[in-house]
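Following: one structure in structure tokens, then a few remarks.
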Amino acid sequence: MSRLILVLGDQLSENVAALKEGDPARDVVVMAEVRDEATYVRHHPKKIAFVFAAMRKFADRLRAAGWEVRYTALDDPENAGSICGELLRHAEETGAAEVVATEPGEWRLIEALRHCPLKVHLLEDDRFLASHARFDRWAEGRRALRMEYFYREMRRETGLLMEGRDPAGGKWNFDHENRKPAPEEVTTDGPLRFAPDATVEAVLDLVAREFPSNFGQLRPFWFATDRDQARAALEHFVAEALPRFGDYQDAMLDGDRFLYHAVISLYLNAGLLAPREVCEAAEDAWRAGHAPINAVEGFIRQILGWREYVRGIYFREGPDYVQRNALGQDRDLPALYWGAETRMRCVAKAVEQTRDEAYAHHIQRLMVTGNFALLAGVDPHEVHEWYLAVYADAYEWVEAPNVIGMSQFADGGIIASKPYVSSGAYISRMSDHCRACAYSVTKKTGNGACPFNLLYWHFLDRHRPRFERNPRMAQTYRTWDRMDEDRRSTVLKEAQDFLDRMDAGETV
Ligand SMILES: Cc1cc2nc3c(=O)[nH]c(=O)nc-3n(C[C@H](O)[C@H](O)[C@H](O)COP(=O)(O)OP(=O)(O)OC[C@H]3O[C@@H](n4cnc5c(N)ncnc54)[C@H](O)[C@@H]3O)c2cc1C
Ligand code: SF4
């Protein structure tokens, strides 16, 4: 008897576990654009279009490889609206009694499949370099789960960027050579862009019709939507941008949205690229003398280290992770995250490019929008839902640890040893935003003082009992304590005024 092979929108690889297990001679692949998945948060239109277009092309590829594929478009009148509903419908049509599925990357969907009244075999998703068991073995018994140590084990285990038993270049980490301030000029014109073909155009029309009011610009749409294009995008990055990736990894520029970033996370997360091939492409560039070790090591660390590590944390911590709120922050997400006007140039630019591209790079996410939400005391669950909605690469397994853990410290310090907060000085050092801002980054109080400067101390003062004994923060508290009392109360009052005005809907 045939079985149904479920392929989800972020499982678009021929070697995904369920397809490896299936048999084209007797099994039927089920793929479906369902409303439940398209609406559980109000996804950016570009994100929905990317996933649907890539799914349609992948279905064609599977058909060409000999599979029978039952594909349901979002506007198909028969569409049951949920993954389980679609499986039930196709089980009835085909007489299949069993489903083979690859474990989804979100607890919500894992639960839905577990409760689906069909026999569902959930296979572990082995497209990652560390299995659940491997990560747990590393994590077991450790007091602190610091990424750096996990990363070194992964380097040894995979042999990536190794010379025998030693790290290539003699060191595990070249970060002290990275993180330079923004360059005056960027020597690449960004990621490879693809003109929409007929499949993509049809999806764009569908998304425009079905999701007219979701936050975000649908067109122009230029993402890769199949494996060959994603490979070309990777090769373009390696040739054009990788050599300077390390140097400017943390920089931000008012007039450049991508700098030397790869813009491949959406392809990796959907299955169009595999993590090992991406790391190998970078390593090959170093061995060929095309890219320096600081760039290549920094880049490989993001994928072999951070990406695998956050996934390990997500599955280890369990479904309640996204509800955590260790700092008890409870402000509603300010309207400026949805494009309401703001005079803060750095925030306005990050949100504007998020709206246009469904993309922002790491430092914009961490040190601008994430930093501001944390300083302003926003409810981390609202912050989490925003990130999950607005970025084309956002799936809960990778988004939630980055937001709840790394950015908002809402997990109480599992991922970060101290909160990622900074005053305006950091943004000023790493970007040119402040030059064009209505606020003054050098002003600490008074008219026109940078809000990050005020909120930074407000945050530290609010959470003093939790953080003052953290050795990495003691010096900061000493600086605060050395300020005279009048100055401290002025800072706190002006910060509170700012928050009150923001809550009242004023443009801040
Ligand atoms: C608050 C916040 C939310 C984030 N949400 C997501 C998300 O939803 N999905 C997502 O894929 N990444 C997320 N990240 C991580 C990172 O910002 C993006 O992976 C990166 O910006 C993608 O752009 P890029 O491909 O140009 O990356 P590059 O800067 O060129 O890095 C190369 C690759 O490394 C990987 N990578 C880098 N940093 C991380 C990280 N911290 N965690 C996991 N992978 C990483 C990505 O696959 C990325 O493509 C988030 C980071 C923060 C601080
Ligand atoms: S002055 Fe402050 S608000 Fe303005 S761009 Fe600089 S850091 Fe951002």
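At Ala504 and Arg287, where each label point lies 7 Å from the Cα along Cα→Cβ, what is the point-to-point distance in nanometres?
For Ala504 paired with Arg287, the spin-label model returns 6.4 nm.
Please sort by residue number the GluC sites (Glu not before Pro) in segment 115-210 whose DSSP state is loop and whose Cβ has at most 13 other Cβ atoms within 10 Å. Walk me through the numbers before you get to the answer.
Numbers: sites: Glu124, Glu140, Glu148, Glu153, Glu157, Glu163, Glu177, Glu184, Glu185, Glu201, Glu210; in loops: Glu124, Glu140, Glu184, Glu185.
When the GluC sites (Glu not before Pro) of segment 115-210 are filtered for loop state and at most 13 Cβ neighbours within 10 Å, Glu124, Glu140, Glu184, Glu185 remain.
With only alpha-carbon atoms counted, please give the Rg and Dmax of the chain, in Å.
23.5, 79
Only residues of segment 196-237 count here: report those whose backbone N is under 16 Å from the spot 7 Å along Cα→Cβ of Ala340, or say none.
215
Could you report the chain's accessible area per residue, 1.4 Å probe, as an integer in Å²? Write down the numbers at each step before the final one.
Values: 20230 Å² over 508 residues.
It amounts to 40 Å² per residue over the chain.
List, in order, the whole-Hz ³J(HN,Hα) value for each residue of segment 435-450 obtained from phi through the Karplus relation with A = 6.51, B = -1.76, C = 1.60 and θ = phi - 60°; use x for Gly and Pro.
4, 9, 9, 6, 8, 10, 6, 7, 8, 8, 8, x, 4, x, 5, 4
How long are the three semi-axes of the equivalent ellipsoid for segment 239-346, computed from the Cα gyration tensor as the root of 5 times each eigenvalue, in whole Å, largest first?
Square roots of five times the eigenvalues give 31, 22, 12 Å.
Gain in length, Glu240 to Ala474, computed as 0.36 nm per residue apart minus the alpha-carbon separation, to one decimal in nm? Walk me through the intermediate numbers first.
Details: separation 234, 0.36 × 234 = 84.24 nm, distance 4.24 nm.
My answer for the length gained is 80.0 nm.
Using only alpha carbon pairs under 8 Å that are at least six residues apart, calculate the relative contact order of segment 306-398 and give it in whole percent. Write out the running numbers ahead of the final one.
Numbers: 77 pairs, mean separation 36.8, N = 93.
About 40 percent, as a whole number.
Rounded to two decimals, what ratio of Rg to Rh does segment 247-304 give with C-alpha atoms and a Kirkwood Rh?
Details: Rg = 12.3 Å, Rh = 12.4 Å.
In segment 247-304, Rg relative to Rh is 0.99.
Which value in Å does the Kirkwood hydrodynamic radius of segment 44-150 take, with 1/r averaged over all unlike C-alpha pairs and then inverted?
Taking every pair of different Cα atoms in segment 44-150, averaging 1/r and inverting gives 16.9 Å.
State the percentage of accessible surface on segment 337-418 attributable to carbon and sulfur atoms; use a 1.4 Å probe and exclude ligands, DNA and RNA. Numbers along the way, then the final one.
On the way: 770 of 1770 Å².
Heavy-atom surface of segment 337-418 belonging to carbon and sulfur, 1.4 Å probe: 43 percent.
Over the chain, calculate the relative contact order: mean separation of alpha carbon pairs under 8 Å at least 6 apart, over the residue count, as a percent. Intermediate values should be presented prior to the final figure.
Values: 811 pairs, mean separation 79.6, N = 508.
Dividing the mean separation by the residue count of the chain yields 16 percent.
With a ≥ b ≥ c the root eigenvalues of the C-alpha gyration tensor of segment 87-205, is it rounded (a/c under 1.5), prolate (a/b larger than b/c) or oblate? Mind showing how you got there, number by number?
Values: a/c = 2.90, a/b = 1.38, b/c = 2.11.
Oblate shape, in that a/c is at least 1.5 and b/c is the bigger or equal ratio.
Spelling out what I want: for every residue of segment 95-100, take phi, set θ = phi - 60°, compute 6.51 cos²θ - 1.76 cosθ + 1.60 (Karplus), and round to whole Hz; glycine and proline get x.
x, 5, 10, 10, 10, 10
Within a Cβ distance under 13 Å of Thr94, other residues only, what is the Lys/Arg minus Asp/Glu net charge? Let's see the in-between values first.
Working: positive: Arg3, Arg26, Arg70, Arg89; negative: Asp27, Glu68, Glu86, Glu92, Glu93, Glu98.
So the surrounding residues net to -2.
Please compute the net charge surrounding Met367, taking Lys and Arg as +1 and Asp and Glu as -1 over other residues with Cβ under 12 Å from its Cβ. Present the calculation step by step, with values, prior to reporting the outcome.
Details: positive: Arg179, Arg365, Arg429; negative: Asp250.
Result for the local shell: +2.
When Lys and Arg each count +1 and Asp and Glu each count -1, what net charge do the other residues less than 13 Å away from Leu304, Cβ to Cβ, add up to?
Numbers: positive: Arg134, Arg152, Arg155, Arg156, Arg276, Arg301, Arg307, Arg311; negative: Glu148, Glu153, Glu157, Glu277, Glu280, Glu283, Glu297, Glu308.
Cβ neighbours under 13 Å give a net charge of 0.
In whole Hz, with x marking every Gly and Pro, tabulate ³J(HN,Hα) for segment 204-219 from phi via Karplus 6.51 cos²θ - 1.76 cosθ + 1.60, θ = phi - 60°.
After applying 6.51 cos²θ - 1.76 cosθ + 1.60, I find 4, 4, 4, 5, 4, 6, 8, 10, x, 10, 5, 4, x, 7, 7, 10 Hz.
Does segment 336-409 come out rounded, prolate or oblate by the C-alpha gyration tensor, with a ≥ b ≥ c the root eigenvalues, rounded set by a/c under 1.5 and, if not, prolate when a/b is larger than b/c and oblate if not? Present the calculation step by step, with values, prior to reporting the outcome.
Details: a/c = 1.72, a/b = 1.22, b/c = 1.41.
Note, shape of segment 336-409 comes out oblate.
Would you grab the residues whose amide H sits under 5 Å from the one on Arg3? Only those 5+ places off in sequence or on another chain, please, with H modelled 1.01 Å from N.
Amide H neighbours of Arg3: Asp27, Val28.
Could you size up the charge dipole of the chain around its Cα centre, putting +1 on the beta carbon of Lys and Arg and -1 on that of Asp and Glu, and report it in debye to the nearest 20? Working shown, then result.
Working: 65 positive and 80 negative charges, 344 e Å.
Charge dipole, the chain, about its Cα centre: 1660 debye, nearest 20.
GluC sites (Glu not before Pro) within segment 6-114: which are DSSP loop residues with at most 10 other Cβ atoms inside 10 Å?
Working: sites: Glu14, Glu21, Glu33, Glu37, Glu68, Glu78, Glu86, Glu92, Glu93, Glu98, Glu106, Glu111; in loops: Glu14, Glu33, Glu78, Glu106.
The qualifying sites are Glu78.
Would you mind telling me the share, in percent, of accessible area of segment 168-262 contributed by carbon and sulfur at probe 1.4 angstrom?
Values: 2040 of 4220 Å².
Carbon-and-sulfur percentage of accessible area, whole number: 48.
List the GluC sites (Glu not before Pro) in segment 446-508 that DSSP assigns to loop (not H, G, I, E or B) and whose Cβ has at most 14 other Cβ atoms within 10 Å. Which are they? Spell out each step's value before the answer.
Details: sites: Glu468, Glu485, Glu494, Glu506; in loops: Glu468, Glu506.
Those satisfying the criteria are Glu506.
To the nearest 0.05, what FRET efficiency results for Asp197 and Lys20 with a Förster distance of 22 Å applied to their C-beta separation?
Efficiency, from the Cβ-Cβ distance: 0.15.
Can you tell me the FRET efficiency between Gln496 and Trp222 if r is taken as the Cβ-Cβ distance and R0 is 56 Å, rounded to the nearest 0.05? Numbers along the way, then the final one.
Working: r = 44 Å, r/R0 = 0.78.
The value I calculate is 0.80.
What residues of segment 124-145 lie in the reach of a label at Arg70, counting those whose backbone N is under 19 Å from a point 7 Å from the Cα along Cα→Cβ?
No residue passes the distance filter.
Simple spin-label model, 7 Å along Cα-to-Cβ: Glu185 to Glu140 in nm?
Modelled inter-label distance: 5.7 nm.
The values are calculated or read from the model by the stated rules, or taken from the named source; none is laboratory data. Just so you know, these numbers come straight off a predicted model, no measurement behind them. Neighbour counts run over all protein chains shown; Cβ positions are idealised from the backbone, glycine included. Heads up: the accessible areas ignore ligands, DNA and RNA and are worked out on the full protein's heavy atoms, side chains in. Shrake-Rupley method; radii C 1.70, N 1.55, O 1.52, S 1.80 Å.
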